[in-house]
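Following: one structure in structure tokens, then a few remarks.
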Amino acid sequence: MEAAEQTDPTEPPLPPLVDHHCHGVVRSELDPAAFEAFLTESDAPAALGTTFFDSQLGFAVRRWCPPLLDLEPHCSPARYLARRRELGAPEVTRRLLSAAGITEFLVDTGLPGDLTTPRELAVAAGGTAHEIVRLEQLAERIADTSPTADDFLAGVTDGIREAARTAAGFKSVAAYRYGLDFEPDPPDPGAVHAAAGRWLGRRGQDGTAARVTDPVLLRHLLWSAAYTGLPLQLHTGFGDPDLRLDRCDPLALTDFVRAVRPTGCTLILLHGYPYHRGAAYLAAVFPHVYADVGLTLSHTGARAGAVLAEMLELAPFGKVLFSTDAYGLPELYVVGARLFREALTGLLTHWVAEGAWSRRDARRVAALLGADNARRVYGLSTPTHRDG
Amino acid sequence: MEAAEQTDPTEPPLPPLVDHHCHGVVRSELDPAAFEAFLTESDAPAALGTTFFDSQLGFAVRRWCPPLLDLEPHCSPARYLARRRELGAPEVTRRLLSAAGITEFLVDTGLPGDLTTPRELAVAAGGTAHEIVRLEQLAERIADTSPTADDFLAGVTDGIREAARTAAGFKSVAAYRYGLDFEPDPPDPGAVHAAAGRWLGRRGQDGTAARVTDPVLLRHLLWSAAYTGLPLQLHTGFGDPDLRLDRCDPLALTDFVRAVRPTGCTLILLHGYPYHRGAAYLAAVFPHVYADVGLTLSHTGARAGAVLAEMLELAPFGKVLFSTDAYGLPELYVVGARLFREALTGLLTHWVAEGAWSRRDARRVAALLGADNARRVYGLSTPTHRDG
Amino acid sequence: MEAAEQTDPTEPPLPPLVDHHCHGVVRSELDPAAFEAFLTESDAPAALGTTFFDSQLGFAVRRWCPPLLDLEPHCSPARYLARRRELGAPEVTRRLLSAAGITEFLVDTGLPGDLTTPRELAVAAGGTAHEIVRLEQLAERIADTSPTADDFLAGVTDGIREAARTAAGFKSVAAYRYGLDFEPDPPDPGAVHAAAGRWLGRRGQDGTAARVTDPVLLRHLLWSAAYTGLPLQLHTGFGDPDLRLDRCDPLALTDFVRAVRPTGCTLILLHGYPYHRGAAYLAAVFPHVYADVGLTLSHTGARAGAVLAEMLELAPFGKVLFSTDAYGLPELYVVGARLFREALTGLLTHWVAEGAWSRRDARRVAALLGADNARRVYGLSTPTHRDG
């Protein structure tokens, strides 16, 4: 189907995609308000008189998804949601995931909700899946059953070692929990122990202390993950209003990037917007740093090509990875994948047409961004070339 | 006349505009140096061998305004200024304002100079006008007649209450006076009283202390305005060299945005450039935050479409407002309105043509940005559809 | 040859270029790894499985340079390097430099390596050359022969005065050595003396202290240069990983810009990316500030037009200067000049076609950016119109 869309003979073909950062989708039926809540990073309903459907992401969903449910593109949200209910969540998930053109999924399993497992995702999409372990969620789970700081720290050590045996990589949301302007070096063991004790104490007394936010503990998790040698994904740039965006500039990580370099750990800077040019710079000057398109393309919709172009200014083409960051809605897999394909194809076609790039290079770079860079970074097997 | 320009049948028509942030224009004749000074945010003459006419704004004035004074587009500045003198300021103002296509004006009356009143603007344009009260100017006016801190603070309370009865909203230029990195919470009453006393004391001794710059007083004004429930406009991003641009990133307001949320006050982040993507982010994740195009489009001229596109990446379409921020020259109303229409029409036409947006959505979004969002936010009456 | 490429009759012709910021090229033959190292700002080899040829700069080199060595555009790196060895470095340098279309070179001579002198560059290109003196290198050279702080400071005073007699300007890399967030005012003489003593002491004991990094000394150099009245170039924005990019935002210089204004010194903000819009803002509001395209265009390749457009939003057209920042490879002169010509021609053609600019203005602005602004700022003689 992709091939049929590519009628321009100058367009380089795009390979099946490896989605190196995504999440499960909701198993149950969603009412309209719950559906709309997945179209925004806001934690509140849309302002009176407005709707989150009126956004680049909302318009992108209405462009790409209705035809997969036998409707016209850009049909009204009400009509789309009615058809969705008519078909039922399992059928919608199956239709959308199988049309996304993604053959491998690296799934961050650390988000709450009645979500599909990596295996369920893979089955629905006709692909394969691997797990990415979210450090903060791992720590919180261990804290739930740790009476003492010693228990907790031993549990974290074991948990990370255990996870490293099977997971494809780790992920940190230190950006949300503190910001990226944390001290770069591994924290002192005594300070880690003291911080663990304080946190467990507060947790016992106060339900709002369930989440790990202490920068010493966050750093301990990051460094523990780094020492495993597995790739480490870091949330950078925009996200929900828990974070303070100006403290999530990936450049705030510069000293951590330098400090962690000798461990051999690969860092993948997720999203980055609106600081994605800074992420691309870090990917250009540090061999162990990579940048991702993630949330950025899905949420900028008709502007995805313009934003992707900015990432492709400084970032070497061996350093940029595709992901959807899809969460909750299978629509986000479709939109993330289609926007990426359209955006990249549009740029490459344009650059080839004006003579700036050769067609051969364009094809090669498309394969790198869509799949091959992720395969190399995460040590995945060679492509299976099955239909997405 | 607009209609005649829109020969492309795919172009969505644009509605009469509501200019939610603007200023009076100079009533008297301007000599060439005074005219040129209104084309820049600089506080000094252009560097030797250069002119502010050689800028995107200067070129935009020379594109759009000469035909309204019976000259060729892009005629020389000297010729344009000669024709302007020939016609006289009142006729020039009438011609330009009536051609801008703006039917409602929300006028910040806090700038100095022999400027037209809101009513005079409305008459010249064949529209209606409302007042926006500038907080710092209100405070300075009250300070002029307040012997004591008690008098001053009572005067501010009364002045803001009084203004709230008739004004459409408030505006703050805390960005210029201090920066946006102020403490987020309402200041302690004792601290406010002490700061007021200090300021009045310095004012008595030193003419340069006339302006309110104390962050405690600036915060007191912001919070006093917020409690009225009227919309509050905040200057963010670039402006004249009084400000330090890197302290005017709208993201510096994040904690204030959070703190003020329970009051129900609506915040409109003006301009924002080059941090307009951050303003759009805040508009996306906080229900009470809106973003404006303002100065940004006028000063970027031929690039207005590219810059507007960046604002329309994350900002929901119910959250972006049009303004010209015109000040001094009626030319700036023409340029602000034409650039906005051209920029938006260009983007929408392109997105419709490539199938990313439906034409119906494009029409609806054009109406939201140009007028309907402002009507909803400021509680203005429904459009009167009179000719601009 | 340029003329033959400009088949579109709407394209404004571009003048011979003045490259106001560049460096020597390597005299000797380069092996493939050494060549590739000049294509990146990284200090390390490319990550396993990647190459710096796979970047916008790498692709731009492969677009523009092979035809000058009798090869097809976009031929493989291996083929290009083989042909380069076959021709030998002197012939390659002669061919590439003479094809760049640059007639005047302002050469920063403060970089290490077996590099061509300004005169050798000029001869190879058929143009003329002037020297730009790098302040930190001057200080380090003087420190090498100064037993005491008094000797050192007297040597710096003499060295700067001496340099000012013949040099076209000064350059500072304080961005690399400390960051741009230094104190703005001239340092206290006592503090300068103490800092000089400390540095010379450390230098005697520790080879890694050879470079001047003390912010007091860096400020002393900047102010000493400013008082000569010669133009002062400041590295801002991206560069090699020695710097912390978020401390190289040109806006961090705002207070220094204000402080230095009364000296009459002209500041030229180099590169600026990704903060080039901030550099353009400073150029817009301060009469003594100029902005440069430098590294930014070469490293963004097919995106150079988009990035240049961002600089031309706020910056007055009398305030933007062309440079290549070429270093080591003569290829970087070709790429810097071609990308600038293509990028600027593309923008101007587009703006003229849509009626936003007049053709006459476009021609004039092209001449300003490419040569005339640099001639005015550095007091160079009028153009000689010789073939590049």
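Numerical summary
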read-out: Computed log₁₀ I(q)/I(0) - Debye formula, equal Cα scatterers, no solvent, the range A:319-372, q 0.13, 0.29, 0.32 Å⁻¹; value: -0.36, -1.10, -1.20
read-out: Other protein chain Cβ atoms within 10 Å, averaged over every residue that makes up C:152-158; value: 0
read-out: Exam field: B:HIS350 pseudo-label spacings to other copies (7 Å along Cα-Cβ), nanometres; value: 0.7, 0.7
read-out: Distance in nm between pseudo-label sites at A:THR117 and C:ASP114 (7 Å out along the Cβ direction from Cα); value: 6.5 nm
read-out: Pairwise Cα inverse-distance average, inverted: Kirkwood Rh of the protein assembly as shown (Å); value: 31.4 Å
read-out: Highest-fluctuation residue, C:ARG177, C:ARG360, C:ARG376 considered, GNM on chain C with Cα pairs under 10 Å; value: C:ARG360
read-out: Pairwise centroid distance, computed over Cα atoms, of the range B:233-257 with the range A:155-230, Å; value: 34 Å
read-out: Phi-based couplings in Hz for the range A:46-63 (Karplus 6.51, -1.76, 1.60; Gly and Pro marked x); value: 4, 4, 3, x, 10, 9, 6, 5, 8, 8, 4, 5, x, 5, 5, 4, 6, 7
read-out: Within-11-Å neighbourhood charge of A:PHE35 [Cβ basis; K, R +1; D, E -1]; value: -2
read-out: Ratio Rg/Rh, restricted to the range A:37-83 and using Cα atoms, in which Rh is the Kirkwood radius; value: 0.99
read-out: Test item: A:58-70 mean partner chain Cβ contacts at 10 Å; value: 2
read-out: Total formal charge among the other residues, if their Cβ is under 15 angstrom from that of C:HIS20, Lys/Arg +1 and Asp/Glu -1; value: -2
read-out: Inter-copy label distances at B:ASP151 (7 Å, Cα→Cβ; nm, one decimal); value: 6.8, 6.9
read-out: Along each principal axis, Cα extent of the range C:186-290, largest first, Å; value: 46, 32, 19
read-out: Residues A:LEU68 and A:ARG27, FRET efficiency given R0 of 25 Å [Cβ-Cβ distance, rounded to 0.05]; value: 0.85
read-out: Förster-model FRET efficiency, 45 Å R0, C:ARG360 and B:ARG198, C-beta, rounded to 0.05; value: 0.20
read-out: Using θ = phi - 60° and Karplus 6.51 cos²θ - 1.76 cosθ + 1.60, couplings along the range B:140-152 (whole Hz; Gly, Pro as x); value: 5, 5, 5, 4, 4, 10, 10, x, 10, 4, 4, 4, 4
read-out: Value of [θ]222 nm, deg cm²/dmol, for chain A, DSSP H segments ≥ 4, -39500 (n - 2.57) each, nearest 500; value: -14000 deg cm²/dmol
read-out: Shortest-first nm distances, C:THR208 label point to equivalent points in other copies (7 Å, Cα→Cβ); value: 4.5, 4.5
read-out: Length released on extending from A:ALA191 to A:ARG79, taking residue separation times 0.36 nm less the Cα-Cα span; value: 34.7 nm
read-out: Computed over chain C: relative contact order in percent, which uses C-alpha pairs under 8 Å that are six or more apart; value: 23 percent
read-out: Positive minus negative residues near C:PHE322 (Lys, Arg vs Asp, Glu; Cβ under 9 Å); value: -2
read-out: Average partner coverage of B:297-303, which counts Cβ from other chains inside 10 Å; value: 5
read-out: Residues of type lysines that A:LYS171 reaches as a straight line, Cα spacing below 29 Å, ignoring anything fewer than 8 places off in the same chain; value: A:LYS319
read-out: Axis-proximal residue, chain C, for the rotation superposing C on B (Cβ, Å); value: C:ALA306, 5
read-out: Under-5 Å amide H pairs with B:GLY169, H placed in peptide plane, nonlocal only; value: B:VAL133
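Every read-out reported here was derived from the displayed coordinates using simple, explicitly stated rules and does not represent laboratory data. Source: prediction; values computed, not measured. Note that each Cβ is placed from the backbone with ideal geometry, even for glycine, and that neighbours are counted across all protein chains shown.
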